[in-house]
Amino acid sequence: AQSVTQLGSHVSVSEGALVLLRCNYSSSVPPYLFWYVQYPNQGLQLLLKYTSAATLVKGINGFEAEFKKSETSFHLTKPSAHMSDAAEYFCAVSGRSSASKIIFGSGTRLSIRP
Amino acid sequence: ETGVTQTPRHLVMGMTNKKSLKCEQHLGHNAMYWYKQSAKKPLELMFVYSLEERVENNSVPSRFSPECPNSSHLFLHLHTLQPEDSALYLCASSQALAENSYEQYFGPGTRLTVT
């Protein structure tokens, strides 16, 4: 069984500050991990994914995430927040077989203060 | 058209109406999904089609009826809906038999309001 927990349903940071969105996963098999972003009135867009190559994964828009097996974490970071980063962010986990579903977390809403 | 498209983008319907949502993917994928996204609730997987066969139905009420005529198109037929069915309905696609990962690509969604 797999699950994802996103700590904090709402995170607010100042423009230019570090963004840190937390995600912990539970999986009985080696997982694939994903971060998606959703802007208002739009669908989900893939930011980055971990598929067992490098543990530090770089994505679009300056975001990156690090897979830490010992901590079962896959936190999303960005060194300097922009106003355009305001959105809902979803962490997700899946197994590695074609029958695996993607399990999504409940989401974290990121607000950027001017 | 590129990616995953959904029509209509907005739909208002009465509880006695019948309507359909359409999804089309232009990515050459072989799996398609319907999700329901309600305010303050996690994303709910409704249906999964892989190679045009329904492989998952997550206890969705029968007033929602999916149809997948080919690998590029997915429909969600709606009838006698309830106000609590108002939500954003998202379609997604993926390459179900890929070796490396199974990320899903999402459409923009249909915002459904049931009155």
How many residues are surrounded by fewer than 17 Cβ atoms within 10 Å (Cβ to Cβ) and modelled with pLDDT of 95 or more when one looks only at the stretch A:97-113? 3
Residues that are crowded, with 19+ Cβ neighbours inside 10 Å, under 13 Å from residue B:96 (Cα atoms) and among the hydrophobic types (A, V, I, L, M, F, W, C), drawn from the stretch B:40-56: B:48
Of everything in the stretch A:40-60, what is loosely packed, with under 14 Cβ neighbours inside 10 Å and within 22 Å of residue B:36 (Cα to Cα)? Give them in sequence order. A:40, A:41
Against the condition within 24 Å of residue B:48 (Cα to Cα) and at pLDDT 95 or above, how does residue A:32 come out, does it pass? no
Single match in A:54, A:81 (criterion: without any contact (Cβ under 8 Å) to a residue 40 or more places away in the chain, outside any strand (DSSP E or B) and among the aliphatic types (A, V, I, L, M)): A:54
Among the residues of the stretch B:57-77, write down those that are in a strand (DSSP E or B) and in contact with a Leu (Cβ under 7 Å, 6 or more places away or on another chain). B:64, B:66, B:68, B:75, B:76
Conditions (1) more than 14 Å from the chain's Cα centre (by Cα); (2) of a type in the set (Asp, Glu); (3) more than 12 Å from chain A (Cβ to nearest Cβ) -> residue B:85 fails only (1)
Are any residues in the stretch A:1-41 more than 29 Å from residue B:111 (Cβ to Cβ) and in contact with a helix residue (DSSP H, G or I) (Cβ under 7 Å, 6 or more places away or on another chain), and if so, which ones? A:15
Considering the stretch B:1-24, residues that are in a strand (DSSP E or B) and within 12 Å of chain A (Cβ to nearest Cβ), and then whichever is surrounded by the most Cβ atoms within 10 Å (Cβ to Cβ), we arrive at B:23
Residue in the stretch B:25-49 that is nearest to the other protein chains (Cβ to nearest Cβ), counting only those that are farther than 17 Å from residue A:38 by Cβ, part of a loop (DSSP other than H, G, I, E, B) and not small (Gly, Ala, Ser): B:30
The listed residue being surrounded by fewer than 18 Cβ atoms within 10 Å (Cβ to Cβ), closer than 26 Å to residue B:89 by Cβ and among the polar types (S, T, N, Q), out of A:94, A:3, A:28: A:3
Just a yes or no: is a residue in the stretch B:32-39 exposed (fewer than 15 other Cβ atoms within 10 Å of the Cβ) and either touching a Phe, Trp or Tyr at 6+ places or on another chain (Cβ under 8 Å) or more than 18 Å from residue B:108 (Cα to Cα) (or both)? no
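The values are calculated or read from the model by the stated rules, or taken from the named source; none is laboratory data. This structure is a prediction, so every number in the text was calculated from the model and none was measured. Neighbour counts run over all protein chains shown; Cβ positions are idealised from the backbone, glycine included.
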